[in-house]
Amino acid sequence: MKFGVSDTLTSGEVRVGLQRVLWDGLATQAMVTLTSGIFLVAFALELGASNTVIGLLAAIPALAELIQIPSVLLVRKLQNRRLLTVLASFISRSFWLAIAAIPFFVPQDMALSVLILAMCGYSILSAISHCSWNSWMRDLIPVEILGAFFSNRMRLATALAMVLSLIASLFIDFWKTHYALPLTEAYSFTFIFGYVAGMLGVFFLATTPEPGMEITERVNFRSEISEPFRDLNFRNLLIFLGSWNFAVNLAAPFFTVYLLRRLGMDITWVIALAVLSQLVSVSSYRLWGNAVDRFSNKSVLRISGPLFMVSILAWTFTTLPEVHILTIPLLILIHILTGLSTAGVTLASTSIGLKLAPKGAATAYLATATFVNSLAAGTAPIIGGLFADYFAARELSMTLTWSSPGTIFAIQTLDFRQWDFFFFFAFILGLYSLHRLALVKEEGEEPEKVVVQELLSEVRREMRNLSTAGGVRMFLRFPLSSEPEQEEEGEEA
């Protein structure tokens with residue numbers, strides 16, 4: 001298999017490249033679904049993980065992304081991003097075999113240590129591949145279809161994640177019911193299937209063409225890395241991304257712990273709620289992608305960001321002070337809002353960095369953005385894990401009381417315990433980050449009112465389209481062309 005680089009790519013090669021990037025996205029999503037998130041947290045809890053360990057496991061992948069900064073040197077020296085991405089991905093994904101072997105070959109008292117070390121190895125090498133992959137995609141995917149392409153890629157990947165997570169949860173429940181073996185072994189098999197999917201993704205990466213790097217004037221490494229911070233507009237973007245990621249990751253890594261421990265739910269319920277959220281995301285990716293291409297990433301973030309923050313704050317009302325009759329309906333509403341807003345936030349926050357990074361300097365700019373994101377996303381769950389026990393012994397409550405002769409009527413209106421404090425802090429920090437977003441300048445910005453009206457119109461059109469067989473076919477269409485005029489008709493991506 002050759003890993004050569006072409007100075008320029010033909011339209012046919014770009015089209016093939018888009019196909020390969022799409023299939024890699026699906027295979028990688030399959031790996032991530034089966035090896036991380038709910039399944040990884042549940043696996044760690046079965047091994048006896050504390051709140052601190054859960055926070056550390058959430059922080060490791062984010063903190064490992066900091067290695068993207070020195071990885072810029074590797075990309076520049078090698079000037080073969082495909083080779084670097086494939087090699088780093090192959091080695092990193094192999095660590096899931098070591099994690100899958102923990103229940104079978106590792107003593108109980110060493111299990112969590114091995115898990116943490118393996119996650120470090122996986123995450124560090126993955127970060128190297130992310131650095132070269134980001135720069136590679138910046139030059140491969142035509143900028144005029146960037147939002148539409150990634151929206152469709154995310155939409156299809158999320159649809160696959162829904163199916164796989166349900167199958168995996170049913171498998172784990174079947175194992176729990178029919179086998180008198182440790183539940184950790186069931187999770188090991190999901191990790192093995194995730195590893196196989198990851199290797200399939202490596203194959204698609206290896207067969208994706210790479211255009212030659214556009215290298216600007218050679219400067220020293222320190223100057224190159226500091227350039228994004230000297231760019232006022234990009235610096236404002238970094239402040240927004242950093243504060244946003246800190247806010248989100250102060251709360252999000254502990255949602256699964258909250259559902260399993262605080263609310264006492266079975267993993268089937270947890271997966272079902274996650275699938276509901278993913279289903280809403282799948283349905284809205286095209287909506288947000290069209291809005292990104294028609295208006296701007298910033299316009300989408302100004303709509304989807306507040307929705308996401310409201311969904312986080314709503315977690316504090318799922319117990320008042322314990323589980324109540326509205327807990328399940330509220331959780332369903334929360335996951336619907338989360339799915340809708342996450343699709344917009346993920347798409348727009350990914351695309352805005354790619355769009356504002358100057359061509360020829362994209363590697364350094366994107367690596368710097370990842371550095372800021374990772375530092376914020378990595379420190380937040382560690383702080384959450386360390387302070388979890390502190391807030392477990394604290395409570396803030398407020399009761400509305402009505403008194404009359406012979407009658408006292410009281411309604412619990414507020415009750416914060418342990419994770420509730422983090423959800424509230426995340427909400428406040430999220431509002432601050434949205435304030436910082438206002439300082440970012442992006443071409444095509446529109447007022448929120450205009451974007452909302454367009455989104456509502458698009459929703460009505462989508463609902464009419466999906467009522468026909470043709471609409472269903474359009475919803476499932478794969479992106480196979482890179483021509484802008486075809487994109488507008490078929491909405492490729």
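The values are calculated or read from the model by the stated rules, or taken from the named source; none is laboratory data. All of these numbers come straight from a predicted model, not from anything done at the bench. All Cβ positions, even for glycine, are placed from backbone atoms using ideal geometry, and neighbour counts span all protein chains on display.
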| query | Given the residues 389, 420, 415, which is the only one that is of a type in the set (D, E, K, R) and either outside any helix (DSSP H, G or I) or without any contact (Cβ under 8 Å) to a residue 12 or more places away in the chain (or both)? | reply | 415
| Leading residue by the ranking (surrounded by the most Cβ atoms within 10 Å (Cβ to Cβ)) among those in the stretch 163-183 that are touching a residue at least 40 places away in the same chain (Cβ under 8 Å) and over 25 Å from the mean Cα position of the chain (by Cα) | 183
| note | Note on the stretch 75-86: residues surrounded by fewer than 17 Cβ atoms within 10 Å (Cβ to Cβ) and free of Cβ contacts under 8 Å to residues at least 60 places away in the same chain are 77, 78
| field | Hits in the stretch 101-137 - residues which are more than 30 Å from residue 73 (Cα to Cα), in a helix (DSSP H, G or I), touching a helix residue (DSSP H, G or I) at 6+ places or on another chain (Cβ under 8 Å) and of a type in the set (A, V, I, L, M) | value | 102, 111, 112, 114
| request: Identify, from the list 89, 113, the residue that is free of Cβ contacts under 8 Å to residues at least 12 places away in the same chain and among the polar types (S, T, N, Q). | output: 113
| query | Can you find a residue in the stretch 253-276 that is among the basic types (Lys, Arg) and more than 20 Å from residue 384 (Cα to Cα)? | reply | no
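A quick yes/no check of all residues on (1) surrounded by fewer than 21 Cβ atoms within 10 Å (Cβ to Cβ); (2) modelled with pLDDT under 90; (3) among the small types (Gly, Ala, Ser); (4) closer than 30 Å to residue 136 by Cα:
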site: 192; (1), (2), (3), (4): yes, no, no, yes
site: 212; (1), (2), (3), (4): yes, yes, yes, yes
site: 218; (1), (2), (3), (4): yes, yes, no, yes
site: 223; (1), (2), (3), (4): yes, yes, yes, yes
site: 229; (1), (2), (3), (4): yes, yes, no, yes
site: 239; (1), (2), (3), (4): yes, no, no, yes
site: 251; (1), (2), (3), (4): no, yes, yes, no
| remark: Listed by range, helices (runs of 4 or more DSSP H) wholly within the stretch 1-100 having at least 1 residues that are closer than 25 Å to residue 254 by Cβ are 11-35, 37-46, 51-64, 95-100
| field | Among residues of the stretch 392-406, those that are modelled with pLDDT under 80, part of a loop (DSSP other than H, G, I, E, B) and within 49 Å of the chain's Cα centre (by Cα), counted | value | 1
